[in-house]
Amino acid sequence: MHRESTLTDINAVTLAGVTLHADLSGALYWEEQRLLAVSDLHLEKGSSFAMRGTLLPPYDTIATLGRLGAVIARHDPCTVIALGDSFHDRNAHERLSQPNRDVLSALQLRRDWIWISGNHDPALPSNLGGVVAQDVAIGPIVFRHEPTGAAGEIAGHLHPKARVSTRGRSMERRCFASDGARAIMPAFGAYTGGLNIRAAAFARIFQTLGFVAHVLGDRRLHAIAASRCH
């Protein structure tokens, strides 16, 4: 049975005439299509860093899959699209432990699952479950990894974060960046960093500061004009 999201978990974002729900986890849910999108999982980032001599607690993959499992349970989608950089490097999928593979397989059960290729994982194998694509178009919406600025586009890659001031202090949080014609999703992975939305990369996509940062708060999302962020 389809599970309704609570109002504390979602915030409506309208894109190309389509209403989507921005989840506090950093996922987007398209209720009409029963479609869930997540971006930049960067699975096995910890093991990638360890191979290069930087030791991080090796729990990022299970933490990310746990968060993914929670948002899937919340919305019960028929389709899941992972918008690229799902794995931190070209060989990261080979380092998945069997328990983590089992978790991933359970999440995919009875769902259409689409892996979109990213710059970190451009050649995903076919044995991960689901299908691999460069982009996916559904009605007026196109899902891809790297944003081009096209109308109707939902992309990832840039890991948007917004710095805002409140109650005399400044904080930086992950956010969705959208101007109503296109949107860039926050990174979902446990070890992913972020890029400030005032960076030049966002200016190339949105052209002006006339876009909104849907900032992930502790209990709800906060829609803040990009011009008010710093």
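The values are calculated or read from the model by the stated rules, or taken from the named source; none is laboratory data. All of these numbers come straight from a predicted model, not from anything done at the bench. Using ideal geometry, Cβ is built from the backbone for each residue, glycine included, and neighbour counts are taken over all protein chains shown. Protein only, heavy atoms only, side chains kept; ligands, DNA and RNA dropped before computing areas. Shrake-Rupley method; radii C 1.70, N 1.55, O 1.52, S 1.80 Å.
Residue count for region 54-77, restricted to those that are touching a helix residue (DSSP H, G or I) at 6+ places or on another chain (Cβ under 8 Å), of a type in the set (A, V, I, L, M, F, W, C) and either modelled with pLDDT of 90 or more or within 26 Å of A22 (Cα to Cα) (or both): 4.
Listed by first and then second residue, the pairs with beta-carbon distance under 7 Å, at least 6 apart or on different chains, first residue in region 164-189 and free of Cβ contacts under 8 Å to residues at least 40 places away in the same chain, second open to solvent by 40 Å² or more (accessible area, probe 1.4 Å) and outside any strand (DSSP E or B), are D179/G210. On the given criteria, is H230 in contact (Cβ under 8 Å) with a residue 40 or more places away in the chain and not in a loop (DSSP other than H, G, I, E, B)? Considered against the rule, which asks whether it is in contact (Cβ under 8 Å) with a residue 40 or more places away in the chain and not in a loop (DSSP other than H, G, I, E, B), H230 comes out as no.
Restricting attention to region 16-27, which residues are open to solvent by less than 10 Å² (accessible area, probe 1.4 Å) and in a strand (DSSP E or B)?
Within region 16-27, the subset open to solvent by less than 10 Å² (accessible area, probe 1.4 Å) is 20, 22-23, 26-27.
Within region 16-27, L20, A22, D23 qualify.
For region 110-133, the set of residues classified as modelled with pLDDT of 90 or more and in contact with a Gly (Cβ under 9 Å, 6 or more places away or on another chain) consists of R111, D112, W113, I114, W115, I116, S117, G118, N119, listed by residue number.
Please find, among A162, A201, A151, the residue that is over 27 Å from I138 (Cβ atoms) and at pLDDT 90 or above. Going through A162, A201, A151 in turn, just one is over 27 Å from I138 (Cβ atoms) and at pLDDT 90 or above: A162. Only one entry in R95, R111, R90, R52 is of a type in the set (D, E, K, R) and within 21 Å of M185 (Cβ to Cβ), namely R111. Could you please tell me which pairs satisfy a Cβ distance under 7 Å, a separation of 6+ or placement on different chains, a first residue in region 85-108 that is closer than 29 Å to P147 by Cα, and a second residue that is part of a helix (DSSP H, G or I) and among the charged types (D, E, K, R)? Sorted first by the residue in region 85-108, then by its partner, the pairs are H88/K45. Just to verify a result, which residue in region 60-103, among those that are assigned to a helix (DSSP H, G or I) and small (G, A, S), is surrounded by the fewest Cβ atoms within 10 Å (Cβ to Cβ)? The residue in question is A73.
Results for (1) of a type in the set (K, R); (2) at pLDDT 95 or above; (3) touching a strand residue (DSSP E or B) at 6+ places or on another chain (Cβ under 8 Å), shown as yes or no for each residue.
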position	(1), (2), (3)
L36	no, yes, yes
K45	yes, no, no
N91	no, no, no
R95	yes, no, no
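The one condition from (1) out of contact with any Cys (no Cβ under 9 Å at 6 or more places or on another chain); (2) buried (at least 16 other Cβ atoms within 10 Å of the Cβ) that C175 does not meet is (1). Close Cβ contacts (under 9 Å, 6 or more residues apart or on different chains) running from residues in region 118-145 that are without any contact (Cβ under 8 Å) to a residue 24 or more places away in the chain to residues that are open to solvent by 30 Å² or more (accessible area, probe 1.4 Å) and assigned to a helix (DSSP H, G or I) comprise V132/S126. Of the residues making up region 190-221, those that are under 30 Å from G69 (Cα atoms) and either of a type in the set (A, V, I, L, M) or open to solvent by 50 Å² or more (accessible area, probe 1.4 Å) (or both) are A190, Y191, L195, I197, V212, A213, V215, L216, D218, R219, R220, L221. Where the second residue is open to solvent by less than 50 Å² (accessible area, probe 1.4 Å) and not hydroxyl-bearing (S, T, Y) and the first is touching a residue at least 60 places away in the same chain (Cβ under 8 Å) and lies in region 192-207, which pairs have Cβ atoms under 6 Å and are six or more apart or on separate chains? Going by the 6 Å Cβ cut-off, the qualifying pairs are T192/D40; T192/H42; T192/H159.
Consider region 165-198 and keep the residues that are of a type in the set (A, V, I, L, M) and modelled with pLDDT under 95. The one that is nearest to the chain's Cα centre (by Cα) is A190.
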